[in-house]
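The values are calculated or read from the model by the stated rules, or taken from the named source; none is laboratory data. The structure presented is a predicted model; accordingly, all values stated were derived computationally and were not measured. Quick reminder, even Gly has a Cβ in these numbers, built from the backbone with ideal geometry, and neighbours come from all protein chains shown.
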Amino acid sequence: MSISLNSELKQKENQRINEYINKVLSLVEKEVVTEEEANWITKETLDGFRDHVNPGFLSYRKTVTKDGQFAAVEWSDGGACFKDINGNEYIDCLGGFGIYNVGHRHPKVVKAVTDQLKRQALHSQDLLDPLRAMLAKILADITPGDLKYAFFTNSGTESVEAALKLAKMYSDRTTFIATARAFHGKSLGSLSGTAKGMFRKPFLPLIPGFRHVPFGDIDMMRKTFETCALVGEDVAAVILEPIQGEGGIILPPPNYLKQVRELCDEFGALLIFDEVQTGMGRTGKMFAAELFDVVPDILCLAKAFGGGVMPAGAIVAKEKVFESWFPNPFMHTTTFGGNPLACAAAIATISVLLEEKLPERALEVGEYFLKGLREVAKDHKDKVLEIRGQGLMIGIEFHKDEIGYEVSKGMFDRGVLVAGTLINSKTIRIEPSLTISYEEVDTVINTFKEVLSQIEN
Ligand SMILES: *Cc1c(COP(=O)(O)O)cnc(C)c1O
């Protein structure tokens, strides 16, 4: 009796859940939603974040947006912009922290992924999947120097993990040198390289053997190498971002990366470039390594690698290093890494970058953008400390955090989304799609001007 009652209740409950699911799926299917539907979506989103995702996001949005706007719910995107559920359009200068290099939903990337999806979505895990081989070959061609073998991942963090493990396996050493203000991700391994105390403290101790030195300080780097050697803890690898992203767009001093390369060679250590943010055309070259004429031993990619359509990442390494994984390719694995959909997306993304000459475009538009922003900042030296950048990776540093927050808020209110930085909140970042039009750049510059002149210091 009670069993059948229970199962009846259970059935009713399941029916209710499935009605909700079908409503959600019917909305996903729609190209446009009615006002009533938009209101329902907004309410469900807020309730869901509060009760089941993390209410912290709602208070965070309240602090970074103007009144009422915190509830902005995103719904669709295309080109250099995205739209919220109420149809308001924003120029996306946050660019998903640098994932939309080829723009939002570039047709060529969407087509490749859709075509692949119609035939096969994921791989068997046992047979040989062709796109992985083809993408690896393409990567060997477009990456600098003799980088040759690729391992595919689903995220930047995973790429860094793979690089650290490969370096350990190759060198049989366990010491790593990372840099202050670095960001390499938040898994236990990658977090060991990341350099913000707030994110690390609750999880200590992390991987043993990490030393952090100031980014740009080659003497300190040398001393650390020497000390590590003296105490018998030889350095397996140096890991750094050629241009620090989350740290607030920090460019290396002239020659720094070349000198780091030389130190690595002198002490038999590997050089890992984390190009998760700087890669795929962002800085004016396909990879920032080319800007500085330095070839790392391992290159980490993700973010824009999947074309803003699929999550995808990779490491590309020199043969002499990657060889350590030849005898047993299962030493480091991931089920979804290098899946056919991700590979299709990455292959199409590289094609778009080459065909539309987007790295070159990043350089040109970046210079124009930087010049415009600097011109505006001239009249606001009391608020803006420095504007710096390379290609379409631009940072605006203010004298105080509060000014940065006010500028971000004001710009969002006027339809431009910019990014705070995780490591350095005094700096906001501009990392738009590399396809952004000059008109859109002008809009952003004018908006910056308007907002700067309206906020109080
Ligand atoms: C974003 C980022 C990561 C982490 O990538 P996820 O995909 O978020 O795991 C690692 N390194 C750099 C330089 C990044 O910018």
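Please go through the range 59-81 and give me each residue that is surrounded by fewer than 15 Cβ atoms within 10 Å (Cβ to Cβ) and either without any contact (Cβ under 8 Å) to a residue 12 or more places away in the chain or closer than 23 Å to L27 by Cα (or both), ordered by number. Hits for the range 59-81 are S59, Y60, K62, D67, G68, E74, G78. Only one of the listed residues (A237, A312) is closer than 14 Å to A167 by Cα and in contact with a Phe, Trp or Tyr (Cβ under 7 Å, 6 or more places away or on another chain). That residue is A237. Looking across the range 384-417, the residues that are touching a residue at least 24 places away in the same chain (Cβ under 8 Å), in a strand (DSSP E or B) and either surrounded by fewer than 19 Cβ atoms within 10 Å (Cβ to Cβ) or not β-branched (V, I, T) (or both) come down to L385, R388, G389, Q390, M393, G395, E397, F398, L417. The set of residues in the range 163-196 being more than 12 Å from the ligand (Cβ to nearest atom), polar (S, T, N, Q) and within 14 Å of L240 (Cβ to Cβ) consists of S192 alone.
Here A288, A269, A302, A317 are screened, and the one residue that is out of contact with any strand residue (DSSP E or B) (no Cβ under 6 Å at 6 or more places or on another chain) and modelled with pLDDT of 95 or more is A288.
Residues that are surrounded by fewer than 24 Cβ atoms within 10 Å (Cβ to Cβ) and part of a helix (DSSP H, G or I) do not occur anywhere in the range 274-289. The single condition among (1) buried (at least 24 other Cβ atoms within 10 Å of the Cβ); (2) at pLDDT below 95 that A163 does not meet is (2). Among the residues of the range 35-53, those identified as in contact with a helix residue (DSSP H, G or I) (Cβ under 9 Å, 6 or more places away or on another chain) and polar (S, T, N, Q) are T42, T45. Among the residues of the range 111-129, those that are surrounded by fewer than 17 Cβ atoms within 10 Å (Cβ to Cβ) and either of a type in the set (A, V, I, L, M, F, W, C) or in a loop (DSSP other than H, G, I, E, B) (or both) comprise L117, Q120, A121, L122, S124, Q125, D126, L127, L128. Can you find even one residue in the range 214-226 that is free of Cβ contacts under 8 Å to residues at least 40 places away in the same chain and crowded, with 21+ Cβ neighbours inside 10 Å? Yes: one or more hits. Of all the criteria given as (1) aliphatic (A, V, I, L, M); (2) within 11 Å of the ligand (Cβ to nearest atom); (3) out of contact with any Ser or Thr (no Cβ under 6 Å at 6 or more places or on another chain), the one not satisfied by V160 is (3). Can you name the residue in the range 290-309 that is touching a Phe, Trp or Tyr at 6+ places or on another chain (Cβ under 6 Å) and not in a strand (DSSP E or B) and, of all such residues, is surrounded by the fewest Cβ atoms within 10 Å (Cβ to Cβ)? Only one residue tops the list, namely G308.
Which residue is nearest to the ligand (Cβ to nearest atom), if the candidates are limited to the range 130-148 and must be more than 22 Å from the chain's Cα centre (by Cα) and outside any helix (DSSP H, G or I)? Among residues in the range 130-148 that are more than 22 Å from the chain's Cα centre (by Cα) and outside any helix (DSSP H, G or I), the one nearest to the ligand (Cβ to nearest atom) is G145. Of note, A229 satisfies the criterion of being at pLDDT 95 or above, over 23 Å from S190 (Cβ atoms) and not assigned by the TED database to the domain that holds I394.
Checking each residue in the range 197-220 for being away from the ligand (no atom under 16 Å from the Cβ), within 18 Å of T174 (Cβ to Cβ) and not in a strand (DSSP E or B) picks out L204, P205, P208, G209.
Considering only residues of the range 446-457 that are in contact with an Asp or Glu (Cβ under 9 Å, 6 or more places away or on another chain) and buried (at least 17 other Cβ atoms within 10 Å of the Cβ), which is farthest from K381 (Cα to Cα)? The selected residue is V451.
So is C343 more than 16 Å from the ligand (Cβ to nearest atom) and either touching a Leu at 6+ places or on another chain (Cβ under 8 Å) or not assigned by the TED database to the domain that holds G395 (or both) or not? So C343 passes the test.
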